[in-house]
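Presented below is the structure to which this report refers.
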Amino acid sequence: MKKINPRRDRGVPDGHEASRFRRIERREWWLWSSAIAVSLLLTVGLSSFIMPQFWNADDNFMRFSLPQAVRGLLGLVLIFDVYTVYQQLQIHRIRRRLLEREELFRLISENAADLIAVVDMEGRRIYNSMAYQKVLGYSPEELKGSSALGQIHPEDRARVQAAAEEARRTGLGTNLEYRIRHKDGTWLVLESTSSVIRNEKGVPEKLVIVNRDITERKLSQEKIAEQAALLEKARDAILVRDLEGKILFWNNGAERIYGWPSQEAVGRNIGELLS
């Protein structure tokens with residue numbers, strides 16, 4: 001395996017989408033409020049100017065019929081104003097709920113240690129969580145619109161492409177491990193779990209991919225494997241047991257000296273074999 005570096009902590013810039021949404025919402029609310037206030041002022045002005053004109057008329061038709069029509073018109077205007085206020089309050093409530101959900105999603109995605117991505121079925125990135133910058137060093141601007149295969153190790157790229165093709169064909173995501181290039185040129189190992197997003201016709205349209213940095217775990221496994229290989233080559237009997245006496249490791253030297261093969265010794269109590 002090529003050189004890999006353990007996970008490194010990098011700062012993540014704060015998102016501004018929520019504050020920008022609030023500014024737009026406040027500006028829109030001010031425009032709606034101004035329009036309603038102007039409408040109410042015009043309604044009051046219209047009633048104060050027109051109504052006396054009709055009440056002072058000598059003609060009975062003008063005196064009784066037209067004022068009723070004007071009152072009806074003013075009533076409709078007031079009903080429209082009330083409905084506009086109600087509609088704006090409903091829109092405000094819906095947007096507030098969407099904003100709260102968006103804020104919750106942002107907090108989860110920005111603080112999650114795992115890398116969360118959404119890609120289309122051709123591998124083009126649609127969304128990447130801030131963990132990508134924290135773990136891999138790439139900013140959202142650098143990743144936006146690029147191919148998800150671009151940073152994958154050439155030796156692993158075919159497996160990732162095959163997994164994407166399988167997801168497109170079956171609609172089922174897969175789990176796999178692959179190497180990905182850090183911005184500084186080193187390689188990290190990711191454990192990937194994907195799931196399919198379908199459109200309204202049920203056709204696979206996007207993939208949600210959750211990646212976990214397992215570089216440190218892979219390094220530890222490699223070190224353990226190297227140490228185990230050295231212990232297996234030793235001519236002396238080397239064994240490892242826990243506090244209860246259960247055998248955890250039994251090398252070739254122990255097999256040769258005590259006569260018990262490793263597959264039979266591991267898991268048994270040491271007192272049973274060496275009594």
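The values are calculated or read from the model by the stated rules, or taken from the named source; none is laboratory data. Owing to the predicted nature of the structure, the values given are computational and were not obtained by experimental measurement. Note that each Cβ is placed from the backbone with ideal geometry, even for glycine, and that neighbours are counted across all protein chains shown.
Structure notes:
- Close pairs (8 angstrom Cβ cut-off, 6 or more residues apart or separate chains): in contact (Cβ under 8 Å) with a residue 12 or more places away in the chain in region 237-255, among the basic types (K, R) anywhere: A237/R256; K246/R268; I247/R241; I247/R268; L248/R241; N252/K233; G253/R235
- A113 vs. criteria within 15 Å of the chain's Cα centre (by Cα), under 23 Å from N199 (Cα atoms) and in contact (Cβ under 8 Å) with a residue 40 or more places away in the chain: no
- Take the conditions (1) surrounded by 11 or more Cβ atoms within 10 Å (Cβ to Cβ); (2) within 30 Å of A163 (Cα to Cα); I238 misses just one of them, which is (2).
- Test for R241: is it basic (K, R) and either in contact with a Pro (Cβ under 9 Å, 6 or more places away or on another chain) or at pLDDT below 85 (or both): no
- Residues that are surrounded by fewer than 13 Cβ atoms within 10 Å (Cβ to Cβ) and either closer than 27 Å to M130 by Cα or modelled with pLDDT of 85 or more (or both) within region 202-221 comprise just one, S220.
- Residues located in region 118-149, provided they are touching a Ser or Thr at 6+ places or on another chain (Cβ under 7 Å) and either within 15 Å of Q161 (Cα to Cα) or not in a loop (DSSP other than H, G, I, E, B) (or both): G123, R124, R125, Q133
- Qualifying positions in region 150-167 - crowded, with 16+ Cβ neighbours inside 10 Å and either at pLDDT below 85 or part of a helix (DSSP H, G or I) (or both): D156, V160, A163, A164, A167
- The listed residue being in a strand (DSSP E or B), within 30 Å of G267 (Cα to Cα) and either assigned by TED's automatic domain parsing to the domain that holds E142 or over 22 Å from the mean Cα position of the chain (by Cα) (or both), out of E222, E177: E177
- Selection status of K201, in contact (Cβ under 8 Å) with a residue 12 or more places away in the chain and either farther than 30 Å from I116 by Cβ or out of contact with any Asp or Glu (no Cβ under 9 Å at 6 or more places or on another chain) (or both): no
- Unique residue being among the basic types (K, R) and at pLDDT below 75 when the list is R101, R106, R96: R106
- Close pairs (6 angstrom Cβ cut-off, 6 or more residues apart or separate chains): in the same structural domain as I180 (by TED's automatic domain parsing) in region 129-158, modelled with pLDDT of 85 or more and part of a loop (DSSP other than H, G, I, E, B) anywhere: Y132/Y138; L136/H182; G137/H182; G137/K183; Y138/K183
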